[in-house]
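Structure record follows, encoded as structure tokens.
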Amino acid sequence: MSVQLRTRIIGTGSYRAEGVLTNADLEKIVDTSDDWIVERTGIRERRVAGQGVCTSDMASAALNGALEMAGKAANDLDMIICGTVTPDRQLPANAAYVQHKIGATNHCASFDLAAACAGFIYGLSIADSFIRTGKAKTVGVIGAELLSRVLDYQDRNTCVLFGDGAGAVVVTAEQTDAGVLSTHLFTDGSLTESLIIPAGGSRMPASAETVAARKHYVSMEGKEVFKYAVRYLSQAAEIALTHNGMTPEDVDLVVAHQANIRILDGVSKRVKIPLDRFVLNIERYGNTSSASIPIALDEAVRGGRVSAGDKLLMIALGGGISWGSAAVRW
């Protein structure tokens, strides 16, 4: 593989919310059971942020961890990208709060993107584009979600799935044969209604009626999302492999969005990469949306599961419906 200017991941970090909500806890809140949840999702518990903790707190902690591993200071960042659908406020960007909290006084560009569970891959792709074109040298990419604040704990189809957390990477420009090899992004806007928070935007502004109707919580057509998730994630994985002249055997580790163990098993079978080569932490965290890939990556890196030269495949799908893949050589 030729040496060229690439985007290399030099630091990873994550924030694990302090609270733990188990399936047994949920049995006391909603009509469900541990067996039902585990069989359908693979989730046994999920993390819940404490009172007073906001999304930018988690995002800042994750990015600080990535900076420490990278040996970089906050002012070394040229840009901060935060993937989230649960920002501190609708205005301003969550990344602006992060910039201030980590002490980046150099006024680096800081902005959010909303691609739900695909947010981290979208952010990584944007960072890669800025670095390859010379517009940035070092970028912090974050996925951070505080989903427990937008869940309807009367809806057993959604409240059992999601958790809180944040993950981040620091990427930089290097002349290397490693780094981000390619990214691939997709959206099918005809499926927008399958995973939404109905109210709170310009289409359905907040009102006493929307609050009473519980329209400010996540709503999902689970069967529809499942059907497209397996198909589109598999396609994105195959596109990344083909683009880089790789076979399933070449992939050392799959860092996938942790949405549902049955989805990941389906993708594993379609793409012909054994499930034991997937990073799996869904049973402990649930679906943390844009945070799930960087959390899983941080755990894999710090746990010694990733070595120099390893080929990683990242895949994610979320609301939009948006999805994507990334191939990385460590």
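The values are calculated or read from the model by the stated rules, or taken from the named source; none is laboratory data. On a predicted model such as this, the values are computed, not experimentally measured, just so you know. FYI the Cβ positions are ideal-geometry reconstructions off the backbone, even for glycines, and counts take in every protein chain you see. Remember, those area values only see protein heavy atoms, side chains included, never the ligands or the DNA or RNA. Shrake-Rupley method; radii C 1.70, N 1.55, O 1.52, S 1.80 Å.
Using DSSP, restrict attention to beta bridges with both residues in segment 184-330 and report what percent are antiparallel, rounded to the nearest 5.
Working: 14 of 19 bridges.
Here the antiparallel bridges make up roughly 75 percent for segment 184-330.
Averaging the sequence gap over all C-alpha pairs within less than 8 Å and six or more residues apart, then dividing by the number of residues, gives segment 243-317 a relative contact order of 48 percent. Between Thr192 and Arg231, the contour length at 0.36 nm per residue exceeds the Cα-Cα span by 12.4 nm.
Take the cross-link list Lys227/Lys272; Lys101/Lys311; Lys101/Lys215; Lys215/Lys269; Lys223/Lys311 and give me the ones stretching past 25 Å between alpha-carbons. Write down the numbers at each step before the final one.
On the way: Lys227/Lys272 18 Å; Lys101/Lys311 34 Å; Lys101/Lys215 32 Å; Lys215/Lys269 37 Å; Lys223/Lys311 32 Å.
Check vs 25 Å cut-off fails for Lys101/Lys311; Lys101/Lys215; Lys215/Lys269; Lys223/Lys311.
Lys and Arg at +1, Asp and Glu at -1: add these up for the other residues within a Cβ distance under 15 Å of Val3 and post the number. Surrounding charge for Val3 is +2. Taking 0.36 nm per residue of sequence separation and removing the Cα-Cα distance, the Val30/Leu5 pair yields an extension gain of 3.8 nm. Using the Cβ of Val180 as centre and a radius below 13 Å, the other residues enclosed give a net charge of +2, where K and R count +1 and D and E count -1.
Site pair Met246 and Gln175 shows an inter-label distance of 2.5 nm when each label is modelled 7 Å from Cα along Cα→Cβ.
Proximity of backbone amide H atoms, modeled 1.01 Å from N, is registered between Ser110 and Ile80 at under 5 Å, excluding neighbours fewer than 5 places apart on the same chain.
Which of the trypsin sites (Lys or Arg not before Pro) found in segment 76-133 are loop residues per DSSP with 13 or fewer other Cβ atoms within 10 Å of their Cβ? Each step should come with its number before you reach the end.
Numbers: sites: Arg89, Lys101, Arg132; in loops: Arg89.
Listed in order of number, the matching sites are Arg89.
Taking label positions 7 Å along the Cα-Cβ direction at both Val38 and Thr105, the computed distance is 5.3 nm, reported to one decimal. With a cut-off of 8 Å between alpha carbons and a minimum separation of six or more residues, what is the relative contact order of the chain in percent? Relative CO of the chain lands at 26 percent.
When DSSP beta bridges are limited to those with both residues in segment 61-188, what percentage is antiparallel, rounded to the nearest 5? Write down the numbers at each step before the final one.
Working: 9 of 19 bridges.
Once the DSSP bridges in segment 61-188 are tallied, antiparallel ones form about 45 percent.
The value obtained for the chain, namely the Cα convex hull volume divided by the number of residues, is 128 Å³ per residue. Arg156 sits among other residues whose Cβ lies under 11 Å from its own Cβ, and their net charge, with Lys and Arg +1 and Asp and Glu -1, is -3. Taking only protein heavy atoms and a 1.4 Å probe, the accessible area of segment 28-113 is 48% carbon and sulfur. Antiparallel beta bridges, as assigned by DSSP with both residues in the chain, represent about 75 percent of the total such bridges. In the full protein context, the chain carries 41 Å² of accessible surface per residue, based on a 1.4 Å probe and ignoring ligands, DNA and RNA. In this simple spin-label model, placing a label point 7 Å from the Cα along the Cα-to-Cβ direction at both Ala308 and Met204 gives a separation of 5.4 nm.
First compute the accessible area of segment 153-270 with a 1.4 Å probe, then give the percent of it belonging to carbon and sulfur atoms.
On the way: 2700 of 5410 Å².
Summing carbon and sulfur atoms, their accessible area is 50 percent of the total for segment 153-270.
Phi angles across segment 274-289 convert, under the Karplus curve 6.51 cos²θ - 1.76 cosθ + 1.60 with θ = phi - 60°, into 3J(HN,Hα) values of x, 5, 6, 9, 9, 6, 10, 9, 4, 5, 9, 10, x, 8, 9, 6 Hz, Gly and Pro given as x.
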